[in-house]
Amino acid sequence: MTHRSIPMGQISKVVVHAGGSVRLEGWDSDRVQGESDSRGGVKIERRREAEFGRARAKVGERVLFDIRLTVPRALKPDANEEVIDVQIGGSGTVQVPRGCDVKVYAGRDIEASGLSGTLAAYAGGNVKIRDLQTLASASAGGALDFECESIVGDDLKFTAGSDLRCFIRRLIDVTYLIDDLGGYWEAVIGEGRVKIRLKGGGDVTLVTDQPISGDILGTIEPPPTADAH
């Protein structure tokens, strides 16, 4: 197993690239730690965010995946901002200080939990997010299943190649614009000020305990109990 670790210092953001799957965990430490059993190993270094022209992960000169993204305005990088860059050739686990902001890109699956900062997640496979404070952006080639307290911005889009499950606890004035396997439908909570676009190749499920109006053509389910995770 390859193990790497580095102190965050004054840096507040971590960028993770994994050719395979990655498990991202927040922990009570001031260090960023990466582990992998994969042949490609783990590399951790400090870099300027402006160096990331594209989200890519590679081992040597072999590019494992290469994703061009439209980054939400709130996430536009400061060219001089320094970040901790974690590169995993295959699959692995990354632990970060709970309060830092994280962007993670994976060729396969992403599982993330225990973060009180902001997360952006992009995967070729499935994405599952739990115990998160703020979600900035997420996209999955497979299923997308996320639970968070809040989001960044007031007009966001989340996409999944298959099923999509959305639970944003503190959002009470939102219009969901949904395009899934069953067709297009809308759901409005409160005054509907915030716009969230959900596009799924399978079924889209909204999780909420708030009253909903609109032509509800999909699935609405109540929030899970504390021990249902």
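Each value in this text was obtained by applying a stated rule to the coordinates, not by laboratory testing. These numbers come from a predicted model, not from an experiment. All Cβ positions, glycine included, derive from the backbone under ideal geometry; neighbour counts span all protein chains shown.
Using the crude model of +1 on Lys and Arg Cβ and -1 on Asp and Glu Cβ, and no other charge, please compute the dipole size for the range 154-218 relative to its Cα centre, in debye to 20. Walk me through the intermediate numbers first.
Values: 8 positive and 11 negative charges, 49 e Å.
Taking the Cα centre of the range 154-218 as origin, the dipole is about 240 debye.
Quick check on the range 154-218: of the DSSP beta bridges with both residues there, what percent are antiparallel, nearest 5%? Present the calculation step by step, with values, prior to reporting the outcome.
Working: 8 of 23 bridges.
Here the share of antiparallel DSSP bridges comes out near 35 percent.
Treat the count of other C-beta atoms within 10 Å as a stand-in for reagent exposure and order His17, His3 from fewest to most. Let's see the in-between values first.
Details: His17 24, His3 12.
Going from least to most buried by this count: His3, His17.
If we count every other residue with Cβ under 9 angstrom of Asp163's Cβ, Lys/Arg +1 and Asp/Glu -1, where does the sum land? Before the final figure, lay out the partial values.
Values: positive: Arg165; negative: Asp145, Asp180, Asp203.
So the environment of Asp163 carries a net charge of -2.
Among beta bridges from DSSP that stay inside the range 87-229, the antiparallel ones total about 15%. Using R0 = 22 Å, the C-beta based FRET efficiency linking Asp154 and Asp179 works out to 0.70.
Any idea what the dipole of the range 77-229 comes to, in debye rounded to 20, about its Cα centre with Lys/Arg Cβ at +1 and Asp/Glu Cβ at -1? Intermediate results must be reported in sequence, preceding the final value.
On the way: 13 positive and 24 negative charges, 33 e Å.
Charge dipole, the range 77-229, about its Cα centre: 160 debye, nearest 20.
Other residues whose C-beta falls under 13 angstrom from the C-beta of Pro211 contribute a net charge of -3, scoring Lys and Arg +1 and Asp and Glu -1.
Each other residue within a Cβ distance under 9 Å of Ile129 adds +1 if Lys or Arg and -1 if Asp or Glu, for a net charge of -2. Projecting the Cα atoms of Thr205, Trp185, Phe167 onto the charge dipole of the range 154-218 (Cβ charges, centred on the Cα centre) puts Phe167 farthest toward the positive pole.
Going by C-beta contacts inside 10 Å, put Leu177, Leu135, Leu171 in order with the fewest on the left. Can you show the working numbers first?
Numbers: Leu177 16, Leu135 24, Leu171 20.
Fewest-to-most ranking of Leu177, Leu135, Leu171: Leu177, Leu171, Leu135.
In terms of surrounding Cβ atoms within a 10 Å radius of their Cβ, Ser21, Ser150 rank from fewest to most as Ser150, Ser21.
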